[in-house]
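Engineer: Below is the structure I would like to discuss, written out as structure tokens.
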Amino acid sequence: MSRVLSCWIAACLGALPVAALAQSMSMQDMPGMSMPAPHDDHGSTTPPDDAQHAGHDMAVSALPPNDHVPPSPPQTVLHAMSPSQMNAMMQMDDNESIGMLLVDRLERSRSTSGDMATSWEAEGWYGNAIDRLWLKTEGERGNEGTQDARLEALWSHAWTSFWDWQLGARQDFGQGPNRQWLAVGVEGLAPYWFETQTTFYLGEQGRTALRLETSYDLRFTQKLILTPKVDLNVYGKDDPQRGISSGLSNVEAGLRLRYEFSRKFAPYLGVDWTRRFGDIDSMPGMPLVHANETTWVAGVRIWL
Amino acid sequence: MNKQEPRGFQLPRRRFVQGLALGGVAAGLGLWRGNAMAQASTPRAELRGNHFELEIGELPVDFTGRKRIATVVNGQLPAPLLRWRQGDTVSLRVRNRLKVTSSIHWHGIVLPADMDGVPGLSFEGIPAGGEYTYRFTVNQSGTYWYHSHSRFQEQTGLLGPIVVEPRDGERYPADRDYVVMLNDWTDLDPETIYANLKKQSDYYNVGKRTVGDFMHDTHRAGIAKALDDRRMWNQMRMDPTDLADVSSVAYTYLTNGCTPAGNWTGLFNAGEKVQLRFINGSSMTFFDVRIPGLKMTVVAADGQAIEPVSVDEFRIGTAETYDVIVQPSADRAWTIFAQSMDRTGYARATLAPRAGMTADVPPLDPRPLLSMGDMMGAMDHGSMDHHAMGHDMSGMDMMAMPGMAMPHANAPAEPLKTGPEVDMRVATPRGNLDDPGVGLRDNGRRVLTYADLHAVDAPISPQVDREMTLRLTGNMERYLWSFDGTRYSGAEPLRLRYGEHVRIVLVNDTMMTHPIHLHGMWSELESPDGTFQVRKHTVMVQPAQRVAYRVSADAMGRWAYHCHLLYHMEAGMFREVVVA
């Protein structure tokens with residue numbers, strides 16, 4: 001320990017400039033620092049050949065020449081190579097593919113009517129700065145098994161500063177028959193920092209759907225963040241087996257207060273209000289769906 | 001309303017910010033298995049002469065209480081001080097003991113292109129276990145530095161000072177001469193930092209505006225102004241707190257390899273003139289440097305002598321160097337205080353008559369906010385007063401919208417486009433070199449600006465044959481950085497004809513300050529009216545600023561041209577320049 005200590009003291013006490021001191025002490029007779037000495041004795045330097053054409057540099061034309069010497073040309077020149085070989089040699093690739101996995105919601109919920117459920121919302125992507133493959137999933141699992149869940153696979157292409165096009169497919173599963181859709185949408189950052197997704201879906205038998213999702217981060221501190229979020233689903237056709245009525249089918253509004261222990265790990269508490277529209281309780285054998293529901297949630301947000 | 005209270009996060013993180021008093025390279029010395037060049041007893045080694053043996057290797061270090069592996073030269077972090085003499089031909093044999101390719105670039109040194117040390121342009125790099133001998137004549141003098149140009153090795157410690165002694169002796173002699181090399185050490189893997197920025201670009205911003213800030217502003221300026229200010233920024237999706245991509249959340253700031261608690265100390269006797277050669281060897285950090293109680297006379301910038309100018313404080317961009325002379329007259333200690341531009345941390349050192357003496361360490365300044373001038377440029381006709389411009393901007397949000405360039409005498413004929421690569425444009429950039437920059441405006445101290453820098457000698461050429469404009473562009477949300485909206489991977493080289501004299505005009509279309517470094521040739525900075533001012537190798541361009549410099553294309557070969565913020569360079573803010 002004492003050896004380390006003495007090394008460190010030596011290190012931090014400027015062992016470095018001892019020689020410099022000796023060197024600069026011998027220069028004591030040089031002009032003082034407030035008097036820049038004319039510096040015109042550049043025997044070996046090459047004065048600029050066009051110094052006479054001093055042009056508009058009136059203020060500086062009277063300055064002594066500098067000591068710049070152009071370098072000689074390189075002796076060796078690198079062989080030609082492809083951009084990828086070049087990237088490998090430079091160890092610099094500004095278009096390399098990376099991936100991210102975000103579990104935005106992984107939560108346990110309890111509705112005011114006493115129903116317990118586990119819900120998730122997650123997305124992952126992989127790709128370069130412009131083109132990426134996205135996977136998104138969202139769903140809920142209660143006493144009766146998986147209800148209302150979806151999985152989407154999308155190709156995403158950077159479109160403007162803040163918006164990406166997305167094109168792909170969606171599969172709905174859970175209660176009732178599974179549904180398949182083609183998806184086209186935009187995802188990005190709206191003015192005022194609203195994270196926003198709007199996706200249009202085209203399904204079998206002429207089904208259509210539109211999904212809008214937007215959220216906002218309101219910071220109480222750098223780590224305590226309140227996120228209001230609104231989800232809105234519009235359908236072109238009734239799908240009573242899945243509890244869906246045409247038109248504005250449901251609206252979900254949520255508030256989640258998370259604490260970011262780190263950017264990548266944040267537990268939260270929150271509340272959701274769900275409002276379903278239309279007459280959807282008529283199907284026999286379907287779980288009871290409440291037109292209005294308030295759910296309390298506790299969960300965790302994680303990304304990698 | 002534009003100043004915020006210092007954030008509370010500094011306190012619980014005290015040890016991380018200040019580091020360990022005992023640590024760094026010394027903690028790992030016992031494990032170093034380098035060659036005889038590793039001088040364990042004098043960690044701040046200095047090498048001089050004509051021939052140099054350098055060995056790149058790894059070394060366990062401990063700056064914060066956590067052991068990490070650094071990339072070092074001859075077992076040193078920073079790498080040994082190289083002392084050259086103007087006019088000498090030096091040879092440097094560099095052996096690479098890493099498991100990956102490495103390289104050393106001699107930053108600011110004019111030399112043949114194959115000696116410049118940029119893999120892929122100058123040479124193939126130094127392979128793992130291999131070596132490369134650099135050999136060139138040093139025709140300049142002053143303070144420079146060297147660093148790896150391979151991936152993130154600079155971030156992990158491969159950086160060191162160079163001092164070239166003038167052939168005719170120092171222009172401004174001093175009694176003592178110290179190198180003060182600043183850098184941003186991280187315990188994290190730089191690959192992790194880069195990936196985090198790519199996934200969430202504000203990952204390390206711990207100064208974002210909160211509800212509390214809004215209440216505070218409402219209380220001070222009224223709800224209308226507080227709302228209006230938010231409306232401006234939020235509509236643009238720009239963040240006035242975006243001062244640094246990487247903060248002290250990741251960094252511990254070092255002075256000559258010492259943490260703030262380690263307190264590197266330079267000794268002097270009262271009344272002596274002490275020359276301090278400041279080098280910013282950081283990967284991502286701008287420092288605002290001052291020595292409370294002492295005036296600093298700046299005598300050189302980027303190694304080149306300037307007309308002396310006396311200041312209280314200066315901002316040193318990544319890769320810049322400034323030589324200052326101070327004359328502490330009393331038998332007491334002074335603190336060298338270098339706070340990061342985002343005010344999340346600082347590097348600290350001490351000037352003292354005797355070892356062990358310390359002086360007060362000042363608190364960090366309040367964290368500043370970017371002004372509307374940083375976003376819009378010259379709309380305010382040169383005034384940088386926040387209060388004059390921040391809150392009386394009715395209708396101005398239109399001009400700030402992406403792509404909606406205002407018609408203006410100096411505005412380009414073609415409308416400037418935004419897109420995935422570019423999130424904003426500045427229609428009317430400001431040319432005010434006398435702006436010290438965000439956080440230093442009107443702070444009551446005399447702060448150095450580029451307008452203060454005047455060379456003591458003539459420009460390389462007074463002639464300008466042609467002018468080219470490059471826009472500094474980026475998309476903060478996507479963490480993409482580029483010149484003219486094209487990242488390096490998609491860009492053709494910039495071609496200069498050998499012997500021509502080019503004026504390069506840089507216009508910063510981003511909200512961040514970029515230190516732009518051209519290899520191989522000097523960047524001869526001009527005043528806004530086109531007069532030569534000073535010769536630099538790295539030029540800071542502030543947000544919404546226009547900066548012009550002349551380049552004499554007198555160096556044949558292929559050269560790198562890039563933003564010296566390491567992660568910006570990796571993310572595409574890089575071009576090849578071909579002189580042929």
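Engineer: crowded, with 18+ Cβ neighbours inside 10 Å and over 22 Å from the mean Cα position of the chain (by Cα): which single residue out of B:R220, B:R209 fits that description?
Structural biologist: Just a single option satisfies the conditions, and that option is B:R209.
Engineer: Report yes if B:V73 is over 25 Å from the mean Cα position of the chain (by Cα) and of a type in the set (A, V, I, L, M), otherwise no.
Structural biologist: no
Engineer: Check B:R85 against each of (1) over 18 Å from B:L158 (Cα atoms); (2) in contact with a Phe, Trp or Tyr (Cβ under 9 Å, 6 or more places away or on another chain) and name the one condition it does not meet.
Structural biologist: Exception for B:R85: condition (2).
Engineer: Could you check B:T297 against (1) within 17 Å of B:G437 (Cβ to Cβ); (2) polar (S, T, N, Q); (3) surrounded by fewer than 22 Cβ atoms within 10 Å (Cβ to Cβ) and say which number it fails?
Structural biologist: With respect to (1) within 17 Å of B:G437 (Cβ to Cβ); (2) polar (S, T, N, Q); (3) surrounded by fewer than 22 Cβ atoms within 10 Å (Cβ to Cβ), B:T297 is out only on (1).
Engineer: Continuing with this model, one more query. Is there a residue in the stretch B:273-294 that is touching a Cys at 6+ places or on another chain (Cβ under 7 Å), over 28 Å from B:A195 (Cα atoms) and not assigned by TED's automatic domain parsing to the domain that holds B:G474?
Structural biologist: Among the residues of the stretch B:273-294, not one is touching a Cys at 6+ places or on another chain (Cβ under 7 Å), over 28 Å from B:A195 (Cα atoms) and not assigned by TED's automatic domain parsing to the domain that holds B:G474, which makes the answer no.
Engineer: Mind checking which residues of the stretch A:143-155 are under 18 Å from A:S111 (Cβ atoms) and either touching a residue at least 40 places away in the same chain (Cβ under 8 Å) or under 20 Å from the mean Cα position of the chain (by Cα) (or both)?
Structural biologist: A:E144, A:Q147, A:D148
Engineer: Moving on. In the set A:F173, A:F194, A:F220, which member is within 17 Å of A:A122 (Cα to Cα) and of a type in the set (F, W, Y)?
Structural biologist: A:F173
Engineer: Residues in the stretch B:232-283 that are of a type in the set (V, I, T) and either part of a loop (DSSP other than H, G, I, E, B) or without any contact (Cβ under 8 Å) to a residue 12 or more places away in the chain (or both): how many?
Structural biologist: 4
Engineer: Any residue in the stretch A:114-133 that's closer than 18 Å to A:Q197 by Cβ: show its pairings with residues that are of a type in the set (F, W, Y) and surrounded by 17 or more Cβ atoms within 10 Å (Cβ to Cβ) at Cβ separation under 7 Å, as long as the two are six or more apart or on different chains.
Structural biologist: A:E123/A:W134; A:W125/A:W134; A:R132/A:W125; A:L133/A:W125
Engineer: While we're here: Which one of these does B:M236 not meet: (1) at the interface with another protein chain (Cβ under 9 Å from one of its Cβ atoms); (2) at pLDDT 95 or above?
Structural biologist: Tallying (1) at the interface with another protein chain (Cβ under 9 Å from one of its Cβ atoms); (2) at pLDDT 95 or above, B:M236 fails exactly one: (2).
Engineer: Kindly check whether there is at least one residue in the stretch B:502-524 that is of a type in the set (F, W, Y) and closer than 17 Å to B:Q545 by Cβ.
Structural biologist: no
Engineer: When only residues in the stretch B:414-462 that are within 14 Å of chain A (Cβ to nearest Cβ) and in a strand (DSSP E or B) count, which is farthest from B:E526 (Cα to Cα)?
Structural biologist: Going through the qualifying residues, I end up with B:G419.
Engineer: Still on this structure: Considering only residues of the stretch B:463-476 that are in a loop (DSSP other than H, G, I, E, B) and modelled with pLDDT of 95 or more, which is surrounded by the fewest Cβ atoms within 10 Å (Cβ to Cβ)?
Structural biologist: That would be B:D465.
Engineer: Counting just the residues of the stretch B:494-518 that are more than 11 Å from chain A (Cβ to nearest Cβ) and either part of a loop (DSSP other than H, G, I, E, B) or of a type in the set (G, A, S) (or both), which one comes out surrounded by the most Cβ atoms within 10 Å (Cβ to Cβ)?
Structural biologist: Per the criteria, the residue is B:T510.
Engineer: Just to be sure before I move on: is B:S310 in a strand (DSSP E or B), small (G, A, S) and surrounded by fewer than 24 Cβ atoms within 10 Å (Cβ to Cβ) in the structure I sent?
Structural biologist: yes
Engineer: Looking at B:D228, B:D175, which one is in contact with a His (Cβ under 8 Å, 6 or more places away or on another chain) and either within 11 Å of chain A (Cβ to nearest Cβ) or at pLDDT below 95 (or both)?
Structural biologist: So the residue among B:D228, B:D175 that is in contact with a His (Cβ under 8 Å, 6 or more places away or on another chain) and either within 11 Å of chain A (Cβ to nearest Cβ) or at pLDDT below 95 (or both) is B:D228.
Engineer: Let me ask something else. Is there a residue in the stretch B:150-167 that is modelled with pLDDT of 95 or more, in contact with an Asp or Glu (Cβ under 8 Å, 6 or more places away or on another chain), among the hydrophobic types (A, V, I, L, M, F, W, C) and over 20 Å from A:H68 (Cβ atoms)?
Structural biologist: Yes.
Engineer: Residues in the stretch B:190-205: is at least one part of a loop (DSSP other than H, G, I, E, B), at the interface with chain A (Cβ under 8 Å from one of its Cβ atoms) and buried (at least 20 other Cβ atoms within 10 Å of the Cβ)?
Structural biologist: yes
Residue by residue, here is whether (1) outside any loop (DSSP other than H, G, I, E, B); (2) surrounded by fewer than 17 Cβ atoms within 10 Å (Cβ to Cβ); (3) among the small types (G, A, S) holds:
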residue	(1), (2), (3)
A:D93	no, no, no
A:G99	yes, yes, yes
A:L102	yes, no, no
A:S109	yes, no, yes
A:S113	no, yes, yes
A:A117	yes, no, yes
A:E121	yes, no, no
A:W125	yes, no, no
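Engineer: If you check B:T259, B:T186, B:T210, B:T255, which single one turns out to be closer than 30 Å to B:R425 by Cα, outside the structural domain of B:S148 (by TED's automatic domain parsing) and of a type in the set (V, I, T)?
Structural biologist: Residue meeting the stated conditions: B:T210.
Engineer: Name every residue in the stretch A:224-263 that is closer than 17 Å to A:A298 by Cα and either assigned to a loop (DSSP other than H, G, I, E, B) or among the small types (G, A, S) (or both), in order of residue number.
Structural biologist: If the condition is that a residue be closer than 17 Å to A:A298 by Cα and either assigned to a loop (DSSP other than H, G, I, E, B) or among the small types (G, A, S) (or both), then A:A253, A:G254, A:E260, A:F261 are the ones that fit.
Engineer: Right, next: Could you tell me whether the stretch A:231-249 includes any residue that is farther than 20 Å from A:G139 by Cα and within 20 Å of the chain's Cα centre (by Cα)?
Structural biologist: No, the stretch A:231-249 contains no residue that is farther than 20 Å from A:G139 by Cα and within 20 Å of the chain's Cα centre (by Cα).
Engineer: Further question on the same structure: Would you point out the residue of the stretch A:196-233, among those that are in contact with an Asp or Glu (Cβ under 6 Å, 6 or more places away or on another chain) and among the hydroxyl-bearing types (S, T, Y), that is surrounded by the fewest Cβ atoms within 10 Å (Cβ to Cβ)?
Structural biologist: Of everything passing the filter in the stretch A:196-233, A:S215 is surrounded by the fewest Cβ atoms within 10 Å (Cβ to Cβ).
The values are calculated or read from the model by the stated rules, or taken from the named source; none is laboratory data. If you're wondering where the values come from, they're calculated on a predicted model, not measured in any experiment. Virtual Cβ from ideal backbone geometry, glycine too; neighbours counted across all protein chains shown.
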